[in-house]
Amino acid sequence: MASPTMGLEAISLWIGTVGMALGTVYFLAKGWSVDDPREQEYYIVTIFIPAIAAVSYFAMATGYGLIEVDVTGLGTLDIYWARYADWLFTTPLLLLDLGLLAGADRNTIYTLIGLDVFMIGTGLVGALATEGQLFRIVWWAISTGALIALLYFLLGEMTEQASKQPGDVGALFGRLRNLTALLWAIYPVVWVLGTESGLAIIPLGVETAAFMVLDLAAKVGFGFLLLRSRSVLSAASGHGATAVADD
Ligand SMILES: *C/C=C(C)/C=C/C=C(C)/C=C/C1=C(C)CCCC1(C)C
């Protein structure tokens with residue numbers, strides 16, 4: 001059975017495990033005394049994000065989350081499938097947080113989450129594809145297309161809906177949206193320059209470290225910025241509420 005190579009690869013996975021676990025405990029402790037139901041909603045969504053990532057990192061660090069894939073023309077690649085299992089659940093939760101903050105309607109939230117699941121799913125197919133490098137890069141391109149569409153709706157429709165929220169809520173949404181758009185755009189770059197595409201311009205150890213830093217910033221960093229703004233969270237009207245009130 002495959003296991004992470006000692007060195008940067010293993011160290012990154014253990015830092016990821018501990019960092020996500022600490023993030024989970026911190027958000028849990030902070031949320032324990034919150035009794036405003038609106039604010040609780042953000043805690044419920046946000047606590048599961050590092051919690052899911054912590055078990056995924058643990059699975060990768062211990063070798064369970066890693067498989068070897070034989071690719072025509074490229075030989076055997078080490079693939080961390082557990083990343084995709086993590087991202088499949090955590091990225092929709094991150095978008096749900098943004099949607100709640102924006103007071104976005106359900107259709108906008110569903111559109112973004114649909115594109116997101118499509119993006120992670122096709123990324124996973126690309127990571128597991130055995131038919132050769134070209135096919136893997138085609139799946140990457142399909143997934144990246146979904147990311148571009150997602151960012152279009154995040155920066156367009158959802159941002160427009162957020163602009164109707166009270167001032168502080170809109171400002172917090174803007175900060176978290178910018179952080180998300182910036183960090184998420186780096187993932188496909190690391191993937192295509194890394195080992196999954198077969199280009200391996202970035203070796204697996206550096207790639208693992210890069211994903212770990214991105215994951216910690218996009219999950220724990222994101223949650224930290226979101227949850228420290230108590231007054232903002234209780235003022236945010238939540239999904240659909242604005243639309244319902246306007247009807
Ligand atoms: C906490 C984890 C986060 C925020 C993960 C985000 C992941 C992405 C935005 C991944 C995107 C990818 C593509 C756009 C192309 C194919 C490969 C992926 C899955 C790395």
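Average projected area of the Cα convex hull of the chain, in nm²? Show your work: numbers first, answer last.
On the way: hull surface 50.3 nm².
Projected over every direction and averaged, the Cα hull of the chain covers 12.6 nm².
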> Mind checking the dipole of the stretch 7-246: about its Cα centre, +1 per Lys or Arg Cβ, -1 per Asp or Glu Cβ, Debye to the nearest 20?
Replying inline: 440 debye
>> For a Förster distance of 22 Å, can you work out the FRET efficiency between the beta-carbons of Leu193 and Thr62, rounded to the nearest 0.05?
In response: 0.25
> Leaving out ligands, DNA and RNA, what percent of the accessible area of the chain is carbon and sulfur, probe 1.4 Å?
Replying inline: 70 percent
> Based on Cα positions only, what radius of gyration and what Dmax would you give for the stretch 100-247, in angstroms?
Replying inline: 17.6, 55
> When all C-alpha to C-alpha distances in the stretch 128-200 are sorted into bins of 5 Å, what percent of pairs does each bin hold, rounded to whole numbers?
Replying inline: 3, 15, 20, 17, 12, 11, 9, 7, 4, 2, 0
> What are the ³J(HN,Hα) values, in whole Hz, obtained from phi via the Karplus relation 6.51 cos²θ - 1.76 cosθ + 1.60 with θ = phi - 60°, for each residue of the stretch 56-61 in sequence order, with x given for Gly and Pro?
Replying inline: 5, 4, 4, 4, 6, 5
>> At a 10 angstrom cut-off on C-beta neighbours, averaged per residue, how do the peptides 168-180, 90-102 rank from highest to lowest?
In response: 90-102, 168-180
> Taking a probe of 1.4 Å, how large is the accessible area per residue of the chain, in Å²?
Replying inline: 44 Å²
>> Helix 8-31 against the longest principal axis of the chain: what's the angle in degrees, Cα atoms only, rounded to the nearest 10?
In response: 20 degrees
> What is the Cα centroid distance between the stretch 169-200 and the stretch 85-146, reported in whole angstrom?
Replying inline: 12 Å
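The values are calculated or read from the model by the stated rules, or taken from the named source; none is laboratory data. These numbers come from a predicted model, not from an experiment. For neighbour counting, all protein chains shown are included, and Cβ atoms are generated from backbone atoms with ideal geometry for every residue, glycine included. The accessibility values were calculated without ligands, DNA or RNA, using every heavy atom of the protein model including side chains. Shrake-Rupley method; radii C 1.70, N 1.55, O 1.52, S 1.80 Å.
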